[in-house]
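Okay, so here's the structure we're looking at.
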Amino acid sequence: GLFVISDRGSAFRHVAWIDLATGREQALATNLKFDVEDIALSAPAKRLAFVTNEAGSHVLRFLDPGTRKELPRPALVSGVISGLRWRKDGGEIAFTHASSRSPGDVFSYDVREHRVTRWTNGNSPALNAAALPAPRIIRWKSFDGREITGLYYHPPSKFEGVRPVVVSVHGGPASQARAGYIGRNNYLVNELGIALIYPNVRGSTGFGKEFLRLDNGRLREDSVKD
């Protein structure tokens, strides 16, 4: 059979198993109400790696192909994961990870030792990446009671009192604010003390098929109300 990403009969893209003999499709890890964006199987490791999109931040997860149960996963900072590649012997998986403090670097996870290794550093030597703000996910209720989320970047503690806020809505209509590198916008937060909010209004990807359709046609202004 095949391990695939499917949204058949579900609001979310999930991991599924297709039996080639019968054509029957079985959804796996159905307790996870997030879109799956990448998968990579290793027969020697007896693991299926997959990435879930959780309010704009990626989580690297593992599934036992035999028992179909989740296995331990690495603790990574909020960010965007891509390019899953297993070592041939199945002992390690490599991936690219971009975050608020890295525009995209190569990491690996040793599944036996539960150890994460960073292999590259794309930042300028003059940059103190540790000083860059990490986003946190915020949630609020919209006009119709639906929960909307966003990525919030808070100024450092040297800025006191009420702070100005920039709300930056992503393009689209089908797109999503992600917990990746915000580049020169770090200047607004770190040097000017301006808070940043990147909302994922209705119509954003990553929150299931129903949420994606909520701003279609005459409903477009509902995303503005969010």
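General remarks:
- Under 10 Å, Cβ to Cβ, from Trp86 - net charge with Lys/Arg +1 and Asp/Glu -1: +2
- Exposure of Arg220 as accessible area (Å², to 10), given a probe of 1.4 Å and all protein chains: 110 Å²
- Taking only the Cα atoms of the stretch 1-64, the radius of gyration and Dmax are 11.7, 37 Å.
- Computed from backbone phi with θ = phi - 60° and the Karplus coefficients 6.51, -1.76 and 1.60, the 3J(HN,Hα) list for the stretch 149-156 is 10, x, 9, 10, 10, 9, x, x Hz; x is used for glycine and proline.
- Cα-centred dipole magnitude for the chain, charges only on beta-carbon of K, R (+1) and D, E (-1), debye, nearest 20: 140 debye
- Accessible area expressed per residue, the chain, with surrounding protein chains retained (probe 1.4 Å, Å²): 55 Å²
- Separation of alpha-carbon centers, the stretch 79-95 and the stretch 168-219, rounded to whole Å: 28 Å
- Percent carbon-and-sulfur accessible area, the chain, ignoring ligands, DNA and RNA, probe 1.4 Å: 52 percent
- Rounded to whole Hz, the Karplus (6.51, -1.76, 1.60) HN-Hα couplings of the stretch 212-226, x for glycine and proline: 5, 8, 5, 10, 6, x, 6, 8, 4, 6, 5, 5, 5, 5, 4
- With one equal scatterer per alpha carbon and no solvent term, the Debye-computed log10 I(q)/I(0) for the chain at 0.11, 0.17 1/Å reads -0.65, -1.25.
- With the convex hull drawn around the C-alpha atoms of the stretch 110-200, the volume per residue stands at 180 Å³.
- Surrounding net charge for Val77, when Lys and Arg each add one and Asp and Glu each subtract one, Cβ distance under 14 Å: +3
- HN-Hα J in Hz across the stretch 202-210 - Karplus 6.51, -1.76, 1.60, θ = phi - 60°, x for Gly and Pro: 4, x, 6, 7, x, 10, x, 5, 5
The values are calculated or read from the model by the stated rules, or taken from the named source; none is laboratory data. From a predicted model like this one, the values you see are computed outputs, not experimental measurements. Don't worry about glycine lacking a Cβ; one is built from the backbone with ideal geometry, like all the others, and counts go over all protein chains shown. Protein only, heavy atoms only, side chains kept; ligands, DNA and RNA dropped before computing areas. Shrake-Rupley method; radii C 1.70, N 1.55, O 1.52, S 1.80 Å.
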